[in-house]
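What follows is a short report on a single structure.
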Amino acid sequence: MPSQKRAGDPIDSPGYRERVYEIVRQIPPGRVMTYGQIAYLLGEGYTPRTVGFVMHSANEENTPWHRVINAQGGCSTGRILIPPDKQRRMLEAEGVEFDSRSRCRLDLYQWSPGQAKPGNADLKNDELKSSLFKIEQRQE
């Protein structure tokens, strides 16, 4: 059963943002998820762009915002953060390596809910949604 945006939760509402943060808080150190991956898991009403918007207001103390990257494996925060390389440095400190094009290998570092270990980013989308659905049931 796909996850759906709750009726009445506009993008700037706490409920909308909290659903994004719930996933991001699960990403282990040294692993990443993409904006699009999170939007897909959350379903209708979420897009990579809105997930990015939500990440701008993440509390660094309790939400590892730096573990969310673009679909090419790169950081997309250079134009909005000071210093512009902060996200990359934070990920490198966790062991994520970037190539000469400033991209990490998603096949090595991308994480999915329910995933057991690094390098196992090949879970089917239905399995991803299923594991996220179980998370939502625990919260309700």
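The values are calculated or read from the model by the stated rules, or taken from the named source; none is laboratory data. Keep in mind the model is a prediction, meaning the values are calculated, not measured. Note that each Cβ is placed from the backbone with ideal geometry, even for glycine, and that neighbours are counted across all protein chains shown.
The table for this structure:
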| quantity | calculated |
| --- | --- |
| Selection within the stretch 75-89 - crowded, with 18+ Cβ neighbours inside 10 Å and outside any loop (DSSP other than H, G, I, E, B) | Gln87, Arg88 |
| Which numbered condition Glu92 fails, given (1) part of a helix (DSSP H, G or I); (2) under 14 Å from Thr34 (Cα atoms) | (2) |
| Search result, residues across the stretch 46-69 that are surrounded by fewer than 17 Cβ atoms within 10 Å (Cβ to Cβ) and assigned to a loop (DSSP other than H, G, I, E, B) | Thr47, His56, Ser57, Asn59, Glu60, Glu61, Asn62 |
| Meets criteria (touching a His at 6+ places or on another chain (Cβ under 8 Å) and at pLDDT below 95) for Lys86 | yes |
| Total residues in the stretch 95-140, condition at pLDDT 50 or above and either closer than 14 Å to Gly74 by Cβ or assigned to a loop (DSSP other than H, G, I, E, B) (or both) | 19 |
| Test result for Ile69, closer than 20 Å to Ser112 by Cβ and either modelled with pLDDT under 90 or among the hydrophobic types (A, V, I, L, M, F, W, C) (or both) | yes |
| Test result for Val24, of a type in the set (A, V, I, L, M, F, W, C) and modelled with pLDDT under 95 | no |
| Residue that is surrounded by the fewest Cβ atoms within 10 Å (Cβ to Cβ) [pool: residues in the stretch 21-41 that are free of Cβ contacts under 8 Å to residues at least 40 places away in the same chain and out of contact with any Phe, Trp or Tyr (no Cβ under 9 Å at 6 or more places or on another chain)] | Arg25 |
| Scan of the stretch 63-89 for residues that are in contact with a Gly (Cβ under 6 Å, 6 or more places away or on another chain) and either acidic (Asp, Glu) or within 17 Å of Ala39 (Cα to Cα) (or both), ordered by number | Ala71 |
